[in-house]
Amino acid sequence: MNVLFIEDDRMNRRVVRDMLGVAGAAMAEAESAEEGLTRIDEGDYQVILIDLRMPGMDGITAIGHIRSRGDDKGRVPIIVVTADTALDLRARCLAAGADDVIFKPVAMDDLFEAMGKVLAKGAEDGGVIA
């Protein structure tokens, strides 16, 4: 499984990469939303993990760009990974096109549960899970 993590903090990327490695998943990294959008053009991912607060383009805007694509890459499951605890955060993320939200610090159980849930939903909906 190939996962893309769009996150400006190197330590957060490292922690998640180590967690995914336990499950045998490969993880590509992007330090900004703009770089993440380029990586999506260049690669094939089964799940995209994305932070909300990054320099330049924020995660909500990036999700909008991903969802506006007219190809299969625009339907890849997106999980927001954030430290933001605003009351309306989950609703805003889902309205923007995210499939789920998990919170930092990331717990391995939360990460794998969210990934399993969005991948299973994608399979039921005929989504892209290749």
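Points to keep in mind about this one:
- Potential lengthening of the chain between Thr38 and Asp88 amounts to 15.1 nm, from the contour at 0.36 nm per residue minus the alpha-carbon distance.
- For region 2-124, alpha-carbon Rg over 2.2 N^0.38 Å: 0.94
- Estimated inter-spin distance, Ala26 and Ala120, nm [label 7 Å along Cα→Cβ]: 2.7
- Peptides 35-47, 112-124 ranked from most to least packed give 35-47, 112-124, packing being the mean of other C-beta atoms within 10 angstrom over each peptide's residues.
- Dividing the mean sequence gap of close Cα pairs (under 8 Å, 6+ apart) by how many residues the chain holds gives a relative contact order of 21 percent.
- Chain lengthening between Asp18 and Thr61 when straightened (0.36 nm per residue, less Cα-Cα): 12.7 nm
- Simple Cβ-charge dipole of the chain, Lys/Arg +1 and Asp/Glu -1, about Cα centre, in debye nearest 20: 120
- Under the span-like rule (Cα at least 18 Å along the axis, Kyte-Doolittle mean at least -0.5), DSSP H helices of the chain: 10-22, 108-124
- Pairwise FRET efficiency - Asp8 versus Ala95, Cβ, R0 = 22 Å, nearest 0.05: 0.40
Taken together, the values in this text are just the output of simple stated rules run on the coordinates, not laboratory data. Keep in mind the model is a prediction, meaning the values are calculated, not measured. Quick reminder, even Gly has a Cβ in these numbers, built from the backbone with ideal geometry, and neighbours come from all protein chains shown.
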